[in-house]
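Remarks on the structure that follows.
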Amino acid sequence: MTSKTEKTNVPAQPTAATAVAVAKARGAQKPAPPAPKPLDIPQAIAVGELAKVMKVTPIEVIKQLMRQGHMFSVNEIINHDVAAEIATDFGFTVSQTAEKAESARLTVSTEGEDPAQLQPRSPVVTILGHVDHGKTTLLDAIRNTRVAAGEAGGITQHIGAYQVEYKGNRITFLDTPGHAAFTAMRARGAKVTDIAVLVVAADDGIMPQTIEAIDHAKAAGVPIVVAINKMDKPGANPDKVKQQLSEHALVVEEWGGDVIAVPVSALKGQGIPDLLENLLVVAEVAELKANPNRSAKGIVVEARIDKSRGPVATVLVQTGTLRVGDYLAAGPHKGRVKAMLDDSAKRIKEAGPSAPVEILGMETLPEAGEKFETVADEKTARQMTEAKAQERQARSGAGVTLEDVYTRIEAGEVKALNLILKTDVQGSVEAIRKALERLNTERTRVNVIHAAAGSITESDVLLAVASKAIIVGFNSQPEPGARTLGNQVSVNIRHYNIIYSLVDDIERALKGLLEPVYKDIIEGQATIRAVFSLGRGTTVAGFYVNSGKIARDAEIRVFRGGKQVFAGQIGSLKHFKDDVREVNTGLEGGITLEGFKDYQTGDVLEAHRRQQVGVG
Ligand code: GDP
């Protein structure tokens, strides 16, 4: 690896010590006022399920619906707005819109939960770091503490996540190391990880993927605990690692910072208890909570087809309790939990917050990172998954683009333009970053969340999706996989080879000055079959649509013998006697054009319109 990476200017992520300070501050506050009755309502909910979450009978809900003029039976699905109206009547505050409820679900938020129902939950940890620095070995070493602890069976199966117990507390580890997997989940809107363990080999120090991992964890706002690994090696130099970490705004505790760094040897199993202990400290101050007494919600960690058992999905319950028999909706996939196995392959009947479990009974294979929730019945599951499939189709192509940056800033939706910068050589990283930082004003900021020399990778694309960023390549091209993925998820990748035009474009985007680039789209073609006068100088052309459509708001070109004789707007468009918005293929209509009436039979009308395809 010759490429080098750079420090970025993302605000410092919450670290253990800042979390401690926050926890102390929190502790100083006195008890919260009596809780209102907040309720989190999904996009669609069955009447019976709404009754259940409000702890009233379905009859009461149906009666209230009738008073509001709606007729629904217990198993019918009502949408968020109707449900919210009813919930309000029952004294609940539906504090979130459907949109917000969705995002709250993604982030394991405890918002909208009855605070009295919240109970501590164990932390979910992901291991990140450079290749060969020992992520897999560390995951194995941690898993082995279970064997050492003499746990029944001893052997754990690999289901994508596992739990260990340390001093009476549990910690859940996601078994897929690496920031690509971590960010892939985030790109799907799933916030799974509470703490990131950054593995750095003591003999190798910080490497490009270490920096990438730091940037990914920071972008996710996840606290980092550093495991300085391979301490058994003769070349181990932990001080050098600490020095390098400080160059990336991670200052270890012993040097006056707030980052916990634990020396370990994953191979020899040394330092593991110390690492676990520190993870629990960070978890403790993060005050992780969930409500086990509600329907389950969580994330699909892994899924595969088993020859004899069908789709098998490992899911992580984030809130609520998942039970055998529950109906599940996971994006466009649904199913019913037929059986559940824990990480020791033991059959279990229920699983609470932070528990990873393998479930049988999905009808189709969900993707890793897909959010799931349990619903009242098969019908609700079907409606939700169908709605989700449609929504996804409608939403595809909704990535962040440079041209809408200004609109978003104006609308207060974003305050900063998140940007990932990839360049050909290390020297340009610094130059471009400095130039971009000069654009920062009180109102707008360019936030370079990751900057490195090298080609644009899939991991960059995922980070862009997860962080709503655009990617800027300076003499740097996407790898083929990254290009395909970028198209699929509509990440805006822009290329430059002159620093000035790069900076100028970003500046103009921030000021709303980017000129849109249009493409001419031909929508339809028609032939004039008759020309007649309506008196008072009005001439109408009767036409037949050969292909596409002629729409009232399209622009028209008139061709005669292959030559254009006019271009302009439509004055009126009729189908028989009616004014219409469009006339489609195979139909006839009458048209007048603004500023042209010299039609002749046989003229060809071409309807076209300009469509924005980007910015220049
Ligand atoms: P990953 O790519 O980060 O998952 O790294 P691996 O866990 O596959 O480890 C890469 C190599 O480093 C393997 O050969 C491991 O045996 C070795 N390794 C991992 N941890 C240690 C350690 O603590 N000490 C020593 N000496 N070698 C280690």
In terms of Cα to Cα distance under 16 Å, which aspartates and glutamates are near enough to LYS218, apart from those fewer than 8 places away along the same chain? GLU6, ASP194, GLU247, ASP258, ASP460
If you average the alpha carbon positions of the range 360-374 and of the range 248-317, how far apart do those two centres end up, in angstrom? 22
Setting aside same-chain residues fewer than 8 positions from LYS167, which aspartates and glutamates have a Cα under 16 Å from its Cα? GLU151, ASP274, GLU277, GLU284
Amide H to amide H, which residues 5 or more places from ALA266 or on other chains are under 5 Å from it, using H placed in the peptide plane? LYS230, MET231
For ALA376, which sequence-distant residues (separation of 5 or more, or a different chain) have an amide H within less than 5 Å of its own amide H, given hydrogens modelled in the peptide plane? ALA46
Taking the Kirkwood radius as the inverse of the mean 1/r across Cα pairs, report the Rg/Rh of the range 260-369. 1.07
With 10 angstrom as the radius, rank VAL448, VAL74, VAL558 by how many other C-beta atoms surround their C-beta, starting from the fewest. VAL74, VAL558, VAL448
If I take R0 = 35 Å and measure r between the Cβ atoms of ASN169 and ALA339 in this structure, what FRET efficiency does the formula 1/(1 + (r/R0)^6) give, to the nearest 0.05? 0.80
Of LYS63/LYS338; LYS55/LYS334; LYS268/LYS297; LYS230/LYS297, which sit over 31 Å apart, Cα to Cα? LYS63/LYS338; LYS268/LYS297; LYS230/LYS297
Using the 10 angstrom Cβ neighbour count as an exposure proxy, how do PHE559, PHE474 rank, fewest first? PHE559, PHE474
Report the gain in length on full extension from LYS37 to LEU534: 0.36 nm times residue separation, minus Cα-Cα distance, nm rounded to one decimal. 172.1 nm
FRET efficiency for ASP504 and ARG443 from the Cβ-Cβ distance with R0 = 25 Å, rounded to 0.05, comes out at 0.85
Reachable lysines, given that their alpha-carbon falls under 23 Å from the alpha-carbon of LYS511 and they are not under 8 places away in the same chain: LYS415, LYS434, LYS468
Got a sec? How would HIS333, HIS158 order by Cβ neighbour count within 10 Å, fewest to most? HIS158, HIS333
Tell me, in nm to one decimal, what length is gained between VAL281 and ASN293 on full extension, where the rule is 0.36 nm per residue of separation less the Cα-Cα distance? 1.7 nm
Based on the mean of other Cβ atoms within 10 Å per residue, sort peptides 312-320, 263-271 so the most packed one is first. 312-320, 263-271
Note, the range 74-87: 3J(HN,Hα) by Karplus (6.51, -1.76, 1.60, θ = phi - 60°), whole Hz, Gly/Pro = x, goes 4, 8, 6, 9, 10, 7, 4, 5, 5, 4, 5, 4, 5, 4
Once phi is turned into ³J(HN,Hα) by the Karplus curve 6.51 cos²θ - 1.76 cosθ + 1.60 with θ = phi - 60°, what whole-Hz value does each residue of the range 426-436 show in order, with x for glycine and proline? 4, x, 6, 3, 5, 4, 5, 4, 4, 4, 5
State the percent of C-alpha pairs, over all pairs in the range 450-497, separated by a distance greater than 11 angstrom. 61
Working out 0.36 nm times the residue gap between THR585 and GLN569, then minus their Cα-Cα distance, what length gain in nm do you get to one decimal? 3.8 nm
FRET efficiency, ARG483 to THR88 (Cβ-Cβ, R0 41 Å, nearest 0.05): 0.25
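Every number here is computed from the coordinates shown, using simple stated rules; none is lab data. Note that the coordinates shown come from a computational prediction; the quantities given were computed from them, not determined experimentally. Glycine gets a Cβ as well: all are built from the backbone with ideal geometry, and neighbour counts include every protein chain shown.
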